[in-house]
Structure formats: structure tokens, C-alpha cells
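Trainee: What follows is a structure written as C-alpha cells; I'll ask about it next.
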Amino acid sequence: MKEETAREYYLKQFKHENDKASDLFGSDIDKAETEIVDLLKEKDLTHEQAYASLQYAYNLIKYESNFLKLQ
């Protein structure tokens, strides 16, 4: 059995969801989603680099969750 590389493991941690966030949290979130994607495009990242950046951002948000607005 092939050993999974750290890179493959890292990229798998951020699972793709088919549901739009606005369906669950309201339409205001669409602007943030679009701004994030636009920023990643401006940085001219590869798909894997962008994906890894989003995973890191997700982990950072979890770590700093005490500073975010709670609902």
C-alpha cells in the first residue's frame, strides 16, 4: 500500500462541500466568498496552493475563534 504524503493528507483535510454557504447563512456571505476567490486569483496561486491556503486559513480561524463574532 502506498504511503500517503503529508501534502496529500493536508489537502484532503479540507473537504469540498456542494452546498453554498448562503443557503445556510444568508446572502451576505456571498460577497465574502467572492472576495476570497478573487484574492486567490490575484495572488496567481496554483489550485493546490490556493487549497492549502484555505486549509491554513480555516485552521487559523478555528484557533482564533474567540475573536470572531459568535451566533
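Trainee: In region 43-53, what residues are assigned to a helix (DSSP H, G or I) and open to solvent by 60 Å² or more (accessible area, probe 1.4 Å)?
Mentor: Start the filter on region 43-53 by keeping residues that are assigned to a helix (DSSP H, G or I), which leaves 47-53.
Once the filter is applied, which keeps residues that are assigned to a helix (DSSP H, G or I) and open to solvent by 60 Å² or more (accessible area, probe 1.4 Å), region 43-53 yields 47, 48, 49.
Trainee: Would a scan of region 28-37 turn up a residue that is in a loop (DSSP other than H, G, I, E, B), open to solvent by less than 100 Å² (accessible area, probe 1.4 Å), out of contact with any strand residue (DSSP E or B) (no Cβ under 9 Å at 6 or more places or on another chain) and more than 16 Å from residue 12 (Cβ to Cβ)?
Mentor: Restricting attention to region 28-37, the residues satisfying the condition of being in a loop (DSSP other than H, G, I, E, B) are 28.
Filter once more, keeping what is open to solvent by less than 100 Å² (accessible area, probe 1.4 Å): none.
For region 28-37, residues in a loop (DSSP other than H, G, I, E, B), open to solvent by less than 100 Å² (accessible area, probe 1.4 Å), out of contact with any strand residue (DSSP E or B) (no Cβ under 9 Å at 6 or more places or on another chain) and more than 16 Å from residue 12 (Cβ to Cβ): absent.
Trainee: So, residue 40, is that one out of contact with any helix residue (DSSP H, G or I) (no Cβ under 9 Å at 6 or more places or on another chain), assigned to a helix (DSSP H, G or I) and open to solvent by less than 100 Å² (accessible area, probe 1.4 Å) or not? So that I can check it myself, show each step before the final result.
Mentor: On the way: out of contact with any helix residue (DSSP H, G or I) (no Cβ under 9 Å at 6 or more places or on another chain): no; assigned to a helix (DSSP H, G or I): yes; open to solvent by less than 100 Å² (accessible area, probe 1.4 Å): yes.
Here the answer is no, as residue 40 does not meet what is asked.
Trainee: All but one of (1) open to solvent by 70 Å² or more (accessible area, probe 1.4 Å); (2) at pLDDT 90 or above; (3) assigned to a helix (DSSP H, G or I) hold for residue 61; state the number of the condition that does not hold.
Mentor: The number of the failed condition is (2).
The values are calculated or read from the model by the stated rules, or taken from the named source; none is laboratory data. Predicted model only: the values in this text are computed from it and were never measured. Neighbour counts run over all protein chains shown; Cβ positions are idealised from the backbone, glycine included. Only protein heavy atoms, including side chains, enter the accessible area calculation; ligands, DNA and RNA are left aside. Shrake-Rupley method; radii C 1.70, N 1.55, O 1.52, S 1.80 Å.
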